[in-house]
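Q: First, the structure itself, so that you have it in front of you.
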Amino acid sequence: MELAWYALLGLFFATYLVLGGYDYGVGLLLAREATPEARRAALNAVGPFFLGNEVWLVAAVGILFGAFPTLEGELLSSLYPAVLGALAGVVLVTAGVQLRSRPRAGSARTVWDRVVVAGSVLAALGWGALLGGLLQGVPLTADRHVAGTGHLFTPFVAAAGLAMLALVAVQGATFLTLRLPAADAAPVARLARGLVPAALAAVAAAAVLGLLSDRVRAAVARPAVAVLLPVALVAVLLVARAALGRGRAGVAFTATSAALALPVALVGAALWPRVLVSTVDPAASLTVADAAASGPTLSLLGWLVLPLLPALLGFQAMCWWVFRGRTGGRAPVYW
């Protein structure tokens, strides 16, 4: 049962990264838009999905607190700079998007747009650093408490954060290629295609630093998985670039979505059956079974989650169906 809940936690967080990824990617791209109209068009494209995408983060946090209470405590204490940065970014993006849409915002919209950009950067770097910190292990002592947070400030974690930032930028540009009017989508598609090499370079840098890191090599329980999944990540990015060059925006968006989900699968599969690897005392490492709640608690939570997952999937499908197609024409203004 612990494996099922662990997989469900990974599924929810990966879905959040995929969906929230284009929110933050669009937020990042506001920095390159010179006119308020262009920024408004970009936010209008993501508007119908914005708040719904964050529901997946709330659901993932709920599973973490309910199904893995021990993991929740040590995860937040060991990686809290990354978690704090990511959540601060989420709050800034949400506040910036909401406040810029006020009728009397006027010239302050430019300020709020910058807040959205800053929040998007923080969110992407924070979630990337969180995954990188998990993959390299934490200083978990014999009493299974983490000592300090200095372990988070390493070249590998920094590279993981930058790789996530690059992936999110590609995801946002590819999403706009799907959503903006055809005339506006063409230059964005070229931008997305140009961002792919930067994402490949960032992923390659993180992979090389991981291979050179003693901490990462010691933490990884399945080296084959740790090699195959980055290769798959490179492959889907190349597919995305080829699809963008051929005008296949849907295929490109599917590929970039897979690129954001794969890091979660990499961390979960490479560390299994451990979830927090101790760099101080390997015997103190926290396994998924150790971190999970009791069997009766997991069973009770199962009855609560059973209707939740179809509801979330149904809501997401409804949003995509109702707001399918490109913006423009008589499309309503959301932000």
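Q: For residue 198 and residue 235 in the same chain, what is the full-extension length gain: residue separation times 0.36 nm, less their Cα-Cα distance, in nm?
A: Fully extending the segment from residue 198 to residue 235 adds 11.9 nm.
Q: Give the accessible area for residue 24 in Å² (nearest 10); use a 1.4 Å probe, count only protein heavy atoms, and leave out ligands, DNA and RNA.
A: 10 Å²
Q: Here is a follow-up. For the chain, what does the relative contact order come out to in percent, with C-alpha contacts under 8 Å and a separation of six or more?
A: 26 percent
Q: Roughly how many debye, to the nearest 20, is the charge dipole of the chain about its Cα centre, given +1 on each Lys and Arg Cβ, -1 on each Asp and Glu Cβ, and no other charges?
A: 1380 debye
Q: Something else: On the first, second and third principal axes, largest extent first, how far apart are the outermost C-alpha atoms of the chain in Å?
A: Projected onto the principal axes, the Cα atoms of the chain cover 61, 43, 35 Å.
Q: Note down the nm distance, to one decimal, between modelled labels 7 Å out along Cα→Cβ at residue 300 and at residue 65.
A: Between residue 300 and residue 65, the label points sit 1.5 nm apart.
Q: While we're on this one: Angle, helix 249-271 long axis vs. longest principal axis of the chain, Cα atoms, 0 to 90°, nearest 10?
A: 10 degrees
Q: Top to bottom by accessible area (1.4 Å), largest first, where do 92, 19 land?
A: 92, 19
Q: Can you tell me how much longer the chain between residue 31 and residue 283 gets when fully stretched, taken as 0.36 nm per residue apart minus their C-alpha distance, in nm with one decimal?
A: Result for the pair: 86.0 nm of gain on full extension.
Q: Would you give the gap between the C-alpha center of segment 150-181 and the C-alpha center of segment 214-288, rounded to a whole Å?
A: 14 Å
Q: From the helices alone, meaning DSSP H stretches of at least four residues, give me the mean residue ellipticity at 222 nm for the chain, per-run term -39500 (n - 2.57), in deg cm²/dmol to the nearest 500.
A: One gets -26500 deg cm²/dmol as the mean residue ellipticity at 222 nm.
Q: What is the list of residues in segment 1-44 whose amide nitrogen lies under 11 Å from a point 7 angstrom out from the Cα of residue 80, following Cα to Cβ?
A: The answer is none, because no backbone nitrogen lies closer than 11 Å to the label point.
Q: On a 0 to 90 degree scale, rounded to 10, what angle separates helix 80-100 from the longest Cα axis of the chain?
A: 20 degrees
Q: A further question follows. Quantify, in whole percent, the carbon and sulfur part of the accessible surface of the chain (1.4 Å probe; protein heavy atoms only).
A: That share works out to 71 percent.
Q: Now, a different point. With every protein chain in place, what's the accessible area of residue 72 (1.4 Å probe, Å², nearest 10)?
A: 40 Å²
Q: Sticking with this structure for a sec: Enter the accessible area per residue of segment 160-226 (Å², integer; probe 1.4 Å; all protein chains in place).
A: 41 Å²
Q: Shifting gears a bit: If Lys and Arg each add +1 and Asp and Glu each add -1, what is the summed charge of the other residues whose beta carbon sits under 14 Å from the beta carbon of residue 9?
A: -2
The values are calculated or read from the model by the stated rules, or taken from the named source; none is laboratory data. On a predicted model such as this, the values are computed, not experimentally measured, just so you know. For neighbour counting, all protein chains shown are included, and Cβ atoms are generated from backbone atoms with ideal geometry for every residue, glycine included. Accessible surface areas use protein heavy atoms only, side chains included; no ligands, DNA or RNA. Shrake-Rupley method; radii C 1.70, N 1.55, O 1.52, S 1.80 Å.
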